[in-house]
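The values are calculated or read from the model by the stated rules, or taken from the named source; none is laboratory data. Given the structure is predicted, the values throughout are model-derived calculations rather than measurements. No Cβ is skipped: glycine too gets one built from the backbone with ideal geometry, and neighbour counts run over all protein chains shown. The area values use the complete protein model at the heavy-atom level, side chains included, leaving out ligands, DNA and RNA. Shrake-Rupley method; radii C 1.70, N 1.55, O 1.52, S 1.80 Å.
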Amino acid sequence: MFLLPAADDSTTSVVAPLSAPVKVSFEPAGRWFEALRLRRRNKHSLSHHSLQSSSSEESDNEEIEEEDNSALLQGLDPKEWKQQDHYAVLGLSNLRYKATENQIKKAYKCMVLKHHPDKRKARGLKVGDGEDDYFTCITRAYEILGNKSKRRSYDSVDPQFDDDVPSNDEESKKKFFTVFGPVFDRNSRWSNKRTVPSLGTDSTSIEDVNRFYTFWYDFDSWREYSYLDEEEKEKGENREERRWIEKQNKAARQRLKKEEMARIRQLVDNAYACDPRIIRYREEEKEKKEAQKRAKKEAARQKALEEERIKQEALEEERKKKEKEEEEAKAQAAIVKKEKEAQKKLLKKERKALRTVAKDKNYFAETEDEKVTNMADVERIADQLSLLRLQTLNEAMAEGEGSNAKEAFLQVVQELNKEIEEEKQRHLEALQKQKGGDNSQSSKKTWLETEIQCLIKAVNLFPAGTKERWEVIASFIQQHVPNSNKNAKDVLSKTKELQKDDFFLKQNADKKAFENFEKKLKTAHVQAKPKEGVVSERFESVGEQQVREAGTNPAPWSPEEQKLLEQALKTYPASTADRWDRISDCISSRSKKDCMKRYKELVEMVKAKKAAQDAAAKKK
């Protein structure tokens with residue numbers, strides 16, 4: 001501290017030498033003197049003036065607007081301090097999260113100077129007892145807002161923050177920037193990144209728009225919810241209880257954090273759906289794709305037209321080529337026809353010349369019998385000889401006289417007879433070879449009628465595709481025909497032979513089977529013949545018995561009836577009550593007895609087929 005002498009016109013600054021000290025009166029000067037002057041004028045204590053001076057030094061440039069919150073403070077409950085608005089308590093409701101640390105300190109100091117219990121007592125106001133006084137709420141507010149981490153926790157659940165998300169409707173689309181701009185601005189305060197892209201305007205480029213939505217879809221929020229913890233960890237009596245409290249608080253924070261991120265995502269989704277720039281960009285992209293599709297379609301159409309044109313040109317060229325070939329073929333055919341007609345005329349001329357020469361020479365005969373024979377030979381020669389040979393013969397006969405002409409004629413007759421004999425010989429040899437082949441076939445094993453009938457039945461029973469079919473058929477025949485020794489090779493050979501004359505052999509086999517049936521029927525009638533003196537009875541045939549019996553049908557089963565029977569057997573298993581009555585109801589043309597009889601036949605057929613296959617497998 002610098003001490004100066006009192007300001008006076010008659011007094012000057014004198015510094016006495018050390019050897020002769022002089023008594024001088026000093027008074028405070030500078031800022032301390034100014035502080036003393038202010039204290040005396042305002043009648044303040046030294047501690048009160050120290051608070052005001054330090055506050056003015058720290059925040060000379062940060063002014064706050066004083067708020068009259070006396071009514072709010074008096075209505076606070078110190079026990080419910082966690083539900084209070086700390087910014088409103090300190091008089092910062094207009095600044096809130098934008099308030100700086102110096103502004104918070106300044107507001108707190110003002111509240112202390114105004115609402116401290118000692119100050120209120122001095123003013124004659126009522127003061128509560130200890131913790132029940134509302135000044136406790138001011139202290140709590142400063143404890144929260146004066147600590148950075150606690151203030152962040154409180155700001156995350158700021159009761160004045162608007163969490164509403166604009167809806168996706170026509171109104172939002174019409175006023176998109178007015179509706180969504182402020183929402184994104186106030187939610188940007190939660191971003192960990194300082195640089196937050198703005199929503200932009202209607203003229204913003206699509207790259208910036210995509211960058212904006214990419215930022216918000218990957219939004220990194222610092223908002224956390226530790227302020228809303230139901231229980232404080234420090235209140236736990238032991239480590240296990242504190243761990244349990246921490247676990248419960250952590251789960252609640254994660255749940256709230258998840259809801260917050262879902263809210264941000266819903267905000268971005270609604271904005272993306274209502275953004276006119278995105279809608280316009282999508283329409284442009286759609287139009288571009290449609291244009292590309294139309295261009296592609298047009299190119300395909302042009303290509304198809306070009307291919308069709310090339311195809312038509314090729315067809316036209318092929319048609320012209322074909323017409324040219326046909327014309328050439330017609331011309332060639334006309335030439336060939338003309339040549340044939342010319343040759344035919346020549347042949348006719350030569351034949352006529354032959355007959356004329358032979359007639360003029362009396363057919364080279366001396367007697368009538370020889371003349372008749374030679375006349376027949378002339379006709380044979382005219383019909384069978386070629387044009388060249390006829391011309392040679394006619395020249396020889398025309399040039400020759402008497403015996404020479406006759407010799408030429410007889411020589412041709414001998415050659416013609418020789419050719420006929422050689423042709424007959426070749427024909428006989430072919431017949432003998434064919435007869436020899438028939439004899440070799442007849443040397444094969446003989447087949448009984450019962451074997452042939454069993455073979456026809458087995459071929460139908462074991463169709464093409466059956467494994468080892470011919471061995472199975474041979475085993476089937478050996479099982480049903482006693483003393484049968486036919487093998488697979490014999491069965492195959494006989495089947496091919498039957499196929500050559502299929503209709504007549506089947507007809508013959510059916511006829512034989514019917515004859516055997518009649519023989520058995522006649523035997524039964526003879527055995528049942530009545531004795532003398534006994535009234536005879538009329539025996540019905542099998543067909544009459546079937547007709548007489550109720551509901552029987554002697555006609556063979558058709559494929560449609562067979563399908564209905566198989567379906568009914570699957571529908572009504574053996575455990576079904578009145579099974580055969582229900583099955584017969586499904587087939588209107590068949591009775592219960594017909595269905596049961598057909599089922600037994602099918603069972604026997606399947607058993608025989610399986611037995612034949614097993615026998616063939618064992619033999620192999």
| note | Those residues of the range 472-489 which are part of a helix (DSSP H, G or I) and open to solvent by 10 Å² or more (accessible area, probe 1.4 Å) amount to GLN478, GLN479, HIS480, ALA488, LYS489
| message | For the range 118-135, give me each residue that is in a helix (DSSP H, G or I) and either surrounded by 17 or more Cβ atoms within 10 Å (Cβ to Cβ) or in contact with a Ser or Thr (Cβ under 9 Å, 6 or more places away or on another chain) (or both). | response | GLY130, PHE135
| Quick check: anything in the range 288-298 more than 20 Å from GLU171 (Cβ to Cβ) and of a type in the set (S, T, N, Q)? | yes
| Flag if ILE278 is under 30 Å from TRP190 (Cα atoms), among the hydrophobic types (A, V, I, L, M, F, W, C), at pLDDT 90 or above and surrounded by 10 or more Cβ atoms within 10 Å (Cβ to Cβ) | yes
| task | Give the number of residues within the range 587-617 that are open to solvent by less than 60 Å² (accessible area, probe 1.4 Å), at pLDDT 80 or above, part of a helix (DSSP H, G or I) and not acidic (Asp, Glu). | result | 6
| request: Count, please, the residues in the range 576-586 that happen to be part of a helix (DSSP H, G or I), open to solvent by 70 Å² or more (accessible area, probe 1.4 Å) and either closer than 13 Å to LYS563 by Cα or without any contact (Cβ under 8 Å) to a residue 12 or more places away in the chain (or both). | output: 1
| task | Inspect the range 228-249 for any residue being surrounded by fewer than 16 Cβ atoms within 10 Å (Cβ to Cβ), outside any helix (DSSP H, G or I) and in contact (Cβ under 8 Å) with a residue 60 or more places away in the chain and give the result as yes or no. | result | no
| List the pairs whose first member sits in the range 113-136 and is under 24 Å from LYS82 (Cβ atoms), whose second member is assigned to a helix (DSSP H, G or I) and open to solvent by 70 Å² or more (accessible area, probe 1.4 Å), and whose Cβ atoms are under 8 Å apart, counting only residues at least 6 apart or on separate chains? | VAL127/LYS121; TYR134/GLN74
| query | In this structure, does ARG253 turn out to be free of Cβ contacts under 8 Å to residues at least 60 places away in the same chain and within 28 Å of VAL179 (Cβ to Cβ)? | reply | no
| message | Among (1) assigned to a loop (DSSP other than H, G, I, E, B); (2) closer than 25 Å to LYS340 by Cα, there is one condition ASP383 misses while meeting the rest; what is its number? | response | (1)
| Sole exception among (1) modelled with pLDDT under 85; (2) surrounded by 11 or more Cβ atoms within 10 Å (Cβ to Cβ); (3) under 14 Å from CYS595 (Cα atoms) for VAL547, by number | (3)
| request: Say whether the condition of being open to solvent by less than 40 Å² (accessible area, probe 1.4 Å), among the charged types (D, E, K, R) and in a helix (DSSP H, G or I) is met by at least one residue in the range 254-274. | output: yes
| query | Do we have PRO159 as under 30 Å from HIS116 (Cα atoms), outside any helix (DSSP H, G or I) and out of contact with any Lys or Arg (no Cβ under 8 Å at 6 or more places or on another chain) here? | reply | yes
| message | Given (1) among the small types (Gly, Ala, Ser); (2) at pLDDT 90 or above; (3) more than 43 Å from the chain's Cα centre (by Cα), identify the lone condition not met by SER226. | response | (2)
| Conditions (1) open to solvent by 50 Å² or more (accessible area, probe 1.4 Å); (2) more than 21 Å from LYS82 (Cα to Cα); (3) modelled with pLDDT of 85 or more: number failed by GLN103 | (1)
| said: LYS320 - would you say it is closer than 30 Å to PHE215 by Cα, out of contact with any Pro (no Cβ under 9 Å at 6 or more places or on another chain) and open to solvent by 100 Å² or more (accessible area, probe 1.4 Å)? | reply: no
